[in-house]
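Read-outs: derived from the displayed coordinates by stated rules, not from any lab. Treat the numbers as computed from the prediction; the structure is a model and nothing was measured. Don't worry about glycine lacking a Cβ; one is built from the backbone with ideal geometry, like all the others, and counts go over all protein chains shown.
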Amino acid sequence: VADPYKPRAPFAPWDRRELPGLFDVEESARRVGNYKWAEMRLFEALGGWVATVPELDVKMRLGTHCYKHAWHAELWHKRLPELREMNPDRLTQPANDALVRFVEAMTEPEGPDQTIEKLVGVYRVYIPHFIAAYTFHRNNTSQITDAPTIRTINFILQDEFDDWRDGEMLLQSLIETNDEVDRAAAHQARLEKLMIEAGGIAGPGSIGMPAANKPNGALAGGAA
Amino acid sequence: MRKYFPVDELARDQRFNQVTMRDRMADPRSVLSDRPESAGARRGSNRLVPSRPDASGAARALMHGIFVGEIQALEGAGRTCHDFRTAGDSARRDQDESAGLPPGDISDAIPFALKLDMARQAWDEARHVEISVKLSDWMGGEIGEFAENTVLFQAACSTDPVLRLAGVNRALEGLAIDVFTTMKEFGDLAGDPFLEFCEDWMLADEVTHVKMGSDWLRRVTENDPDRRKAALEFQAVVDKLFSYGGTRSDSQESPIGLARRFRELAGFTDAEVEGIAEVSLAALNERKASVAKMQAAAQQFTDA
């Protein structure tokens, strides 16, 4: 029987988590506020579109995904006070004006014949950018000090991947002609350009930034 | 995307046919039939039970009604997520502009938690569409076999979110409690555990939705008695509309019963349940009087 009083290392040999991270409390909170704002716009758009799409399977998927993104917004809303932001509304902001313009353009299609455009905006542009921003945050924040954010991101990423797959398969089933391929691609290009202008869900630096522009106060011992 | 979405533009595929409430009730395949007493049915009872000779068709019609009602409930909950902003959200410039509002207007703001509840309801209603379309298939029905009455979504079109809570969550989802209770009993009596099982699950969700409506109505109008009064009046109008023809009441002459116990769980007071019972019974009596009048006229014609 092992001696229970024998000193052991505080971290097990297989536990390779590191203390340094790219974000200080303020930077993590700013990003979380941006995520909440962006998830809110997404669940509102999905909810609004339900009545506008004639395809029954798409209608039901939008309703299901609407809740998932609302739940993500709720998780971020709860995380903000833990990051010293006692008024979550103060940080529930778009990363910049370009992202507002992106959301306006993404939610523009309304007609019953524009299901492809609606789905392209969400599943080929917006959600892939969520996946990118969340993955960057998860992989670069301190694995120990910001562990609650990482845990939340892991839950959310599972949803994002599932929803992206759903949306992409719906699109593949809806796009049947060369003209529809062109429509989807044109809309994706238009939105992607706006997203580039925005710099991503959390603005420039959503998936990293030049070393010279790293936020102050961060312990950049990990990957940058 | 517009701030409010008109009911006559609800998007449907080509299988669906939309009609008015009056047209739907005039459908001879409706669950409320003026059928004569017949073998297998208890005298004086019109309740939807398997012993009714028209039970199969009536149950399929009711299930189709549930199916299209769930679609509209999904659409309504989704629209409430979209149509109103939360405090602090001023980034809706296009919407403000098209609605003629000053930029950043937040006079329509609703609590964040209310929106989250509506999003949750959207998911629940999406599952209910999935369940009811599978049940319809199980019962031998087809999408579009019966017409769709869009009055539920109309109740979800109010520009006041409190009226939506009263009209949809309390009146219509309250009716859903009654309908699912009746269908659950139908499944039990018919020896159909599949139907009974599914209705029981949907019933649990509906009680949750009605309770959401009851709780939010009280919280949002806590300091605004006039707004609460207007909301409850709107609820009474919708309740009466859906009692049209006495489809739902305590009387055995109505196909659908009033699920008093589940309504209590969902936050209805005793007085509110009594009020709905009275309105429903009055609607049933109105219909009976109307039928008697038509029968008398027909008799006169025959005699002549």
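Observations on the model:
- Alpha-carbon centroid distance for the pair region A:98-167 / region B:198-276, whole angstrom: 38
- Here the residues A:His129, A:His65, ranked from fewest to most Cβ neighbours within 10 Å of their Cβ, fall in the order A:His129, A:His65.
- Counting neighbouring Cβ atoms within 10 Å and putting the fewest first, the residues B:Glu75, B:Glu173 line up as B:Glu173, B:Glu75.
- For residues of A:53-59, the mean tally of beta carbons on other chains within 10 Å: 5
- For residues of B:61-71, the mean tally of beta carbons on other chains within 10 Å: 1
- Peptide A:67-77 has a mean of 4 when you count, residue by residue, the C-beta atoms of other protein chains within 10 Å of its C-beta.
- Summarising the amide proton neighbourhood of B:Asn149: residues at separation of 5 or more, or on other chains, whose placed amide H is nearer than 5 Å comprise B:Val19.
- Most mobile listed residue (A:Asp89, A:Asp163, A:Asp15) in chain A, GNM with C-alpha springs under 10 Å: A:Asp15
- Rg over Rh, two decimals, chain A (C-alpha only, Kirkwood Rh): 1.06
- Ordering B:268-276, A:131-139 by mean Cβ neighbour count within 10 Å, with the highest value first, yields A:131-139, B:268-276.
- Cβ-Cβ FRET estimate between A:Glu108 and B:Asp13, R0 fixed at 25 Å, reported to 0.05: 0.60
- Charged side chains reduced to their Cβ positions (Lys and Arg at +1, Asp and Glu at -1) give region A:95-217 a dipole of some 720 debye around its Cα centre.
- Comparing B:Ser132, B:Leu265, A:His129 along the charge dipole axis of the protein assembly as shown, the residue lying farthest to the positive side is B:Leu265, per the Cβ-charge model.
- The alpha carbon radius of gyration of the protein assembly as shown, expressed as a multiple of 2.2 N^0.38 Å, is 1.13.
- Using alpha-carbon coordinates, inclination of helix A:147-174 to the longest axis of chain A, degrees: 20
- Contact order for chain B, expressed relative to its length and based on alpha carbon pairs under 8 Å spaced 6+ residues apart, stands at 20 percent.
- Positive-end extreme of charge dipole, the protein assembly as shown - chosen from B:Ala156, A:Pro148, A:Leu171 (charges on Cβ): A:Pro148
- Violating pairs (Cα-Cα greater than 22 angstrom) within the set B:Lys240/B:Lys288; B:Lys211/B:Lys240; B:Lys229/B:Lys288; A:Lys78/A:Lys193: B:Lys229/B:Lys288; A:Lys78/A:Lys193
- Hull volume per residue, based on the alpha-carbon atoms of region B:146-304 and their convex hull, is 146 Å³.
- Among B:Ala113, B:Ala171, B:Ala147, the largest mean-square fluctuation in a Gaussian network model of chain B, built with springs joining Cα atoms closer than 10 Å, belongs to B:Ala113.
- Across region A:131-140, coupling constants 3J(HN,Hα) worked out from phi with the 6.51/-1.76/1.60 Karplus curve, θ = phi - 60°, read 4, 5, 5, 5, 5, 4, 4, 4, 7, 10 Hz, and Gly and Pro carry x.
- Angle in degrees between helix A:25-49 and the longest Cα principal axis of chain A, rounded to the nearest 10: 30
- In plain terms, the chain from B:Trp138 to B:Ser56 could stretch by 28.3 nm, reckoned as 0.36 nm per residue minus the Cα-Cα distance.
- Contact order, relative form, for region A:46-161: 23 percent (alpha carbon pairs under 8 Å, 6 or more residues apart, mean separation divided by residue count).
- Counting only Cβ charges, +1 for Lys and Arg and -1 for Asp and Glu, the dipole size of region B:186-228 around its Cα centre is about 420 debye.
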